[in-house]
Amino acid sequence: MRIDGGTAKPGLDVRCRLLLQIVVEFCPKTELFYRAFRERRENRKAHRVMRALIVSIAVLLIAAADGLGPVAAQSGYDRPGGDYARAVVRNGDPAVCATRCERDRNCRSWSFSYPTASGIPAMCHLKRNIPAPAPSSCCVSGVRGAGVIEPRLGEFEYSIDRAGGDYHSFETKPDPRGAACAAACQADTRCRAWTYRRPGYGTAAAHCYLKNVIKPPRHRPCCISGVVR
């Protein structure tokens, strides 16, 4: 190669050839690098899309479960059979039984029985399987992961005490809903609220308390309450 009127510069051709060789060799590698980069970026994009899809499906499943209602224990139901452990629940709260099942990996379901007028204490039964629920006023039962949500059915407030304001009280027959106590309050124009105390919580017999003042509700597994007027 000649520059400046034919004056040759030594080594210039060699450098040009080397530069040309580098360009020739590097360009395909650059193209391969670009392709790999693009594929990696597309893979990341696909991963993000898949992750978003999984999250969306999970949200839909949760929404569908919410549409079926909250997962909760069943008040007024027992699950006979399948027991592998049982223990006394000294405070008489079915939530204690649900928590015991939740902390025991062998437990799949549980049943809690209220204390009785004959002196049998509240009991928690843990189960290896999930027996079919059977209606029983003695009990609250559920599967593992099901928290205790006592229902509020109209005027009946389960596991609620409204302490104070009593103007009349009397013994009554054991009743899983305290219906006799509610009826007594409905029939008396002085009565504004009532509380039914289950047997075995402080006294052997069931008691009904009629109230002429509406007191604040307090969570207590001993009781069922209601506001009438």
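The values are calculated or read from the model by the stated rules, or taken from the named source; none is laboratory data. These numbers come from a predicted model, not from an experiment. Neighbour counts are summed over all protein chains in view; Cβ atoms, including those assigned to glycine, are modelled from backbone coordinates with ideal geometry.
For the stretch 205-216, the set of residues classified as closer than 23 Å to residue 139 by Cβ, within 34 Å of the chain's Cα centre (by Cα) and assigned to a loop (DSSP other than H, G, I, E, B) is empty. Identify the residue in the stretch 147-172 that is modelled with pLDDT of 90 or more and either in the same structural domain as residue 98 (by TED's automatic domain parsing) or part of a loop (DSSP other than H, G, I, E, B) (or both) and, among all such residues, is farthest from residue 113 (Cα to Cα). Checking each candidate, the answer is 165.
With respect to the conditions (1) closer than 17 Å to residue 92 by Cα; (2) surrounded by fewer than 20 Cβ atoms within 10 Å (Cβ to Cβ); (3) in the same structural domain as residue 78 (by TED's automatic domain parsing), residue 129 lacks only one, and its number is (1). Which condition from (1) assigned to a loop (DSSP other than H, G, I, E, B); (2) buried (at least 17 other Cβ atoms within 10 Å of the Cβ) is the one that residue 182 breaks? Every listed condition holds for residue 182 apart from (1).
Can you tell me which residues in the stretch 90-142 are farther than 16 Å from residue 200 by Cα, of a type in the set (Ser, Thr, Tyr) and touching a residue at least 24 places away in the same chain (Cβ under 8 Å)? Matches in the stretch 90-142: 109, 111, 136, 141. Note on the stretch 174-194: residues that are under 35 Å from the mean Cα position of the chain (by Cα) and not aliphatic (A, V, I, L, M) amount to 8. Of all the listed residues (124, 107), the sole one being assigned to a strand (DSSP E or B), outside the structural domain of residue 203 (by TED's automatic domain parsing), at pLDDT 90 or above and farther than 29 Å from residue 227 by Cα is 124.
Results for (1) in a loop (DSSP other than H, G, I, E, B); (2) out of contact with any Cys (no Cβ under 6 Å at 6 or more places or on another chain); (3) in the same structural domain as residue 119 (by TED's automatic domain parsing); (4) at pLDDT below 95, shown as yes or no for each residue.
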site	(1), (2), (3), (4)
191	yes, no, no, no
194	no, no, no, no
200	yes, yes, no, yes
203	yes, yes, no, yes
219	no, yes, no, yes
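Does residue 118 satisfy the criteria of being over 20 Å from the mean Cα position of the chain (by Cα), exposed (fewer than 15 other Cβ atoms within 10 Å of the Cβ) and outside the structural domain of residue 173 (by TED's automatic domain parsing)? When the stated conditions are applied, residue 118 passes them. Among the residues of the stretch 193-206, those that are surrounded by fewer than 20 Cβ atoms within 10 Å (Cβ to Cβ) and in contact (Cβ under 8 Å) with a residue 24 or more places away in the chain comprise 201, 204, 205.
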